[in-house]
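Colleague: Dumping the structure here so I can ask a few things about it.
The values are calculated or read from the model by the stated rules, or taken from the named source; none is laboratory data. All figures in this text were calculated on a predicted structure; none of them were measured in a lab. Glycine gets a Cβ as well: all are built from the backbone with ideal geometry, and neighbour counts include every protein chain shown.
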Amino acid sequence: MQRRHFLAVTIIALTLVAAASGPSLAANVGGRSPESTAPESTAPESMAPESTIERYHSVLLQAMKEAETLGIGGRYTLIDAAARTAFDFPSMAGRATGKDWRDANEADRAAMAEAFGHMSVATYAMRFKGWSGQAFRTLGTDPGPRGTTLVKTQIAAPGGDPVALTYVMNQDGDGDWRIIDILLKGTISELAVKKSEYASILKAKGLTGLAEALNTQADKMLAP
């Protein structure tokens with residue numbers, strides 16, 4: 001059970017680093033640097049959904065380049081701050097757990113959201129353990145369903161074809177754009193995968209049991 005769950009929640013991170021070896025390739029990370037391939041946005045940076053992704057990608061790249069020096073604990077700390085700004089973990093946790101989330105009290109929801117974020121960041125900290133030329137590219141945006149915006153990106157790796165990642169984003173109450181799902185190759189929903197894998201744990205142990213399982217798995221991943 002834990003192994004299937006682990007594989008599900010790491011599918012996106014594994015794709016990002018699948019081609020971690022090969023000749024160097026100049027990194028194209030979002031932001032305003034001359035090397036960026038991101039399209040110019042007419043919206044203010046604080047309001048542009050793609051700017052959220054570009055800032056997050058820049059932190060992932062830093063974690064990869066400084067992976068050995070930082071160690072897994074340092075990578076977790078670095079990525080955690082950026083991820084909690086870029087992702088709406090409570091919304092994602094709620095959508096992934098459905099009725100169990102809706103029936104839960106606020107304390108249990110908060111614990112589940114925290115565990116969801118902990119596991120997500122631990123997965124990235126473990127998998128982003130080196131850099132050998134991977135590049136992030138922002139391609140543009142499209143309108144998504146129910147008022148969301150789709151930010152289309154690619155991960156280019158030396159010697160391989162680019163992998164498409166589409167971020168589904170929504171504005172929070174403060175008007176900031178936050179990630180609420182990731183579509184691998186433009187179609188495979190990370191949340192749909194997680195929802196499927198969570199189902200048996202939720203049935204057996206409920207929301208609190210799932211939160212405990214996520215925390216336990218994340219702690220194991222981060223152990224020296």
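Colleague: Could you say which residue among 140, 133, 98 is under 26 Å from residue 155 (Cα atoms) and surrounded by fewer than 16 Cβ atoms within 10 Å (Cβ to Cβ)?
Modeller: Answer to the selection: 140.
Colleague: In the stretch 158-168, is there at least one residue being farther than 23 Å from residue 197 by Cβ, touching a Ser or Thr at 6+ places or on another chain (Cβ under 7 Å) and touching a residue at least 40 places away in the same chain (Cβ under 8 Å)?
Modeller: The answer is yes; a qualifying residue exists.
Colleague: Determine which member of the set 187, 208, 141 is more than 20 Å from residue 65 (Cα to Cα) and out of contact with any helix residue (DSSP H, G or I) (no Cβ under 7 Å at 6 or more places or on another chain).
Modeller: Answer to the selection: 187.
Colleague: Here's another thing I want to ask about it. From the residues in the stretch 150-165 that are small (Gly, Ala, Ser) and modelled with pLDDT of 90 or more, which one is surrounded by the fewest Cβ atoms within 10 Å (Cβ to Cβ)?
Modeller: Checking each candidate, the answer is 164.
Colleague: Quick one: would you say residue 139 is farther than 19 Å from residue 194 by Cα, of a type in the set (A, V, I, L, M, F, W, C) and touching an Asp or Glu at 6+ places or on another chain (Cβ under 6 Å)?
Modeller: So residue 139 fails the test.
Colleague: If you scan the stretch 166-224, which residues turn out to be of a type in the set (Lys, Arg) and buried (at least 18 other Cβ atoms within 10 Å of the Cβ)?
Modeller: 178, 194
Colleague: Let me ask something else. Show the residue pairs that are 6+ apart or on different chains and have beta-carbon atoms under 8 Å apart, the first residue being within the stretch 109-128 and basic (Lys, Arg), the second being at pLDDT 95 or above.
Modeller: Cβ pairs passing all conditions: 109/90; 109/93; 109/94; 109/101; 109/207.
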